Amino acid sequence: MLTVLQLLYLTLHIFKIVLLARLVADYVLMFSRHWQPGRGSAATLEIVWSATEPPLRAIRRLIPPLRLGRINLDLGFLLLFLAVTIGESVVLRVMLSA
């Protein structure tokens, strides 16, 4: 049981790191529109997008981006990051109590 919880915690932690990489990449692409990733970074970004886009798309279907004038605030990313962080915390508490 403890091994399953450790594996779940590790998976959530890695996914959280991938989400942070997605956040950084989104900001780089947003502020530097002419930036083109090289071969290695393009492959890494493809993995990051492939891992994060399906859950984000599902959340965006339920909660569309919030329009604030000319700005679209994507609440899906924030909710997914919060859910992963809470899940990580719950799994850690269960692991420590076992």
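Derivation of every value follows stated rules applied to the coordinates shown; laboratory data play no part. Treat the numbers as computed from the prediction; the structure is a model and nothing was measured. Neighbour counts are summed over all protein chains in view; Cβ atoms, including those assigned to glycine, are modelled from backbone coordinates with ideal geometry.
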Residues satisfying the stated conditions in the stretch 1-41, i.e. under 24 Å from Gly76 (Cβ atoms), of a type in the set (A, V, I, L, M) and either over 15 Å from the mean Cα position of the chain (by Cα) or not in a helix (DSSP H, G or I) (or both) | Leu8, Val28, Leu29, Met30
Which of the residues belonging to the stretch 65-89 are surrounded by fewer than 16 Cβ atoms within 10 Å (Cβ to Cβ), within 18 Å of Thr11 (Cβ to Cβ) and more than 12 Å from the chain's Cα centre (by Cα)?
-> Ile86, Ser89
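Residues of the stretch 45-64 being over 19 Å from His13 (Cα atoms) and in a helix (DSSP H, G or I), which ones? Walk me through it before giving the result.
Quick first cut of the stretch 45-64, residues over 19 Å from His13 (Cα atoms) only: 46, 57-64.
Matches in the stretch 45-64: Glu46, Arg57, Ala58, Ile59, Arg60, Arg61, Leu62.
Taking the stated definitions as given, is Glu88 part of a helix (DSSP H, G or I), touching a residue at least 12 places away in the same chain (Cβ under 8 Å) and acidic (Asp, Glu)?
Details: part of a helix (DSSP H, G or I): yes; touching a residue at least 12 places away in the same chain (Cβ under 8 Å): yes; acidic (Asp, Glu): yes.
Spelling it out, Glu88 is indeed part of a helix (DSSP H, G or I), touching a residue at least 12 places away in the same chain (Cβ under 8 Å) and acidic (Asp, Glu).
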